[in-house]
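*Asks:* After the structure tokens below, expect a handful of questions from me.
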Amino acid sequence: MRLVILGGSGSGKSTQGQRLCRHFDILHISTGEILRQAMSGEKPFSLGEESSLGDISSLNHLGRYAQPYVEKGELVPDNMMIDLIRTQLKQIDVNSGWLLEGYPRTAFQAEELDFLLDYLGQKLDWAIYLQVPEAVMVNRCLGRSLPDEQPEIVQRRIELFYDRTVPILEYYDRRRRLLTINGDQLREVVQQNILNLLSVT
């Protein structure tokens with residue numbers, strides 16, 4: 001199973017992503033978590049002994065580049081994120097499943113992901129979109145009290161999400177790979193709805 005999970009800040013992407021990965025026993029690749037680790041100087045997420053990001057020499061180097069964007073609630077440039085995902089997916093065994101959380105964030109990234117998967121001999125099964133009202137996303141984010149989730153940053157992220165996500169949804173819908181889920185429900189209900197749709201599609 002190879003999945004992408006889409007949704008704005010506070011939509012429940014991380015929670016549902018982790019639950020789906022446990023259910024299907026697949027790898028969870030969270031670009032937000034990778035970037036946070038890279039910016040904090042922690043040992044970065046890596047699927048192998050080495051991590052190479054092409055023009056970006058290390059994940060910590062990526063963290064320095066990405067930090068100004070993340071702190072303002074802006075999207076990290078496409079080329080950086082594409083390099084990051086290319087590196088991660090190249091390290092995974094071709095027969096292993098995975099779930100991407102936080103990527104793609106633009107229609108261009110979605111298209112580039114398909115090109116990369118074609119090159120790797122893999123195929124995306126489904127893009128799962130967690131649909132949650134804006135007010136609910138804002139309240140959930142502000143309730144988490146994370147350093148990078150101040151009100152103005154949260155608002156900017158959500159604005160960008162709506163601006164950039166519609167083209168991604170259209171992209172996957174045209175390819176008949178989009179599953180839309182009501183994310184404004186109990187976590188267990190959301191998970192069961194996702195599993196029900198995956199089992200009949």
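*Asks:* Answer with one residue from 16, 66, 85: the one whose Cα lies farthest towards the positive end of the charge dipole of the chain, charges on Cβ with Lys, Arg +1 and Asp, Glu -1.
*Replies:* Selected residue: 16.
*Asks:* Another one. How large is ³J(HN,Hα), in whole Hz, for each residue of the stretch 10-24 in order, when computed from phi with the Karplus curve 6.51 cos²θ - 1.76 cosθ + 1.60 and θ = phi - 60°, using x for Gly and Pro?
*Replies:* So the Karplus estimates, Gly and Pro as x, are x, 7, x, 4, 5, 4, 6, x, 5, 5, 5, 5, 5, 5, 9 Hz.
*Asks:* What residues have an amide H closer than 5 Å to that of residue 27, excluding those fewer than 5 places away on the same chain, when H is modeled at 1.01 Å from N in the peptide plane?
*Replies:* Correct list: 97, 98, 99.
*Asks:* Report, in debye and to the nearest 20, how large the dipole of the stretch 2-200 comes out about its Cα centre when Lys and Arg carry +1 and Asp and Glu carry -1 on their Cβ.
*Replies:* 400 debye
*Asks:* Follow-up. For the peptides 25-31, 165-171, what is the packing order when you average, over each peptide's residues, the other Cβ atoms within 10 Å and list the highest mean first?
*Replies:* 25-31, 165-171
*Asks:* How big is the C-alpha Rg of the stretch 2-200 next to the rule-of-thumb value 2.2 N^0.38 Å, as a ratio?
*Replies:* Rg over 2.2 N^0.38 Å, computed on Cα atoms: 0.98.
*Asks:* Still on this structure, I have one more. Sorted by mean Cβ packing within 10 Å, highest first, what order do the peptides 67-76, 11-20 take?
*Replies:* 11-20, 67-76
*Asks:* Over the chain, what is the mean sequence separation of C-alpha contacts under 8 Å (at least six apart), divided by residue count, expressed as relative contact order in percent?
*Replies:* About 33 percent, as a whole number.
*Asks:* Across the stretch 122-193, what fraction of all alpha-carbon pairs, as a whole percent, falls in each successive 5 Å bin from zero upward?
*Replies:* Answer for the stretch 122-193: a P(r) of 3, 13, 20, 19, 21, 14, 7, 2 percent.
Values in this text are rule-based calculations from the coordinates and carry no lab data. Worth saying up front: this structure is predicted, and the values here are computed from it rather than measured. Glycine also receives a Cβ, built like all others from the backbone with ideal geometry; neighbour counts cover every protein chain displayed.
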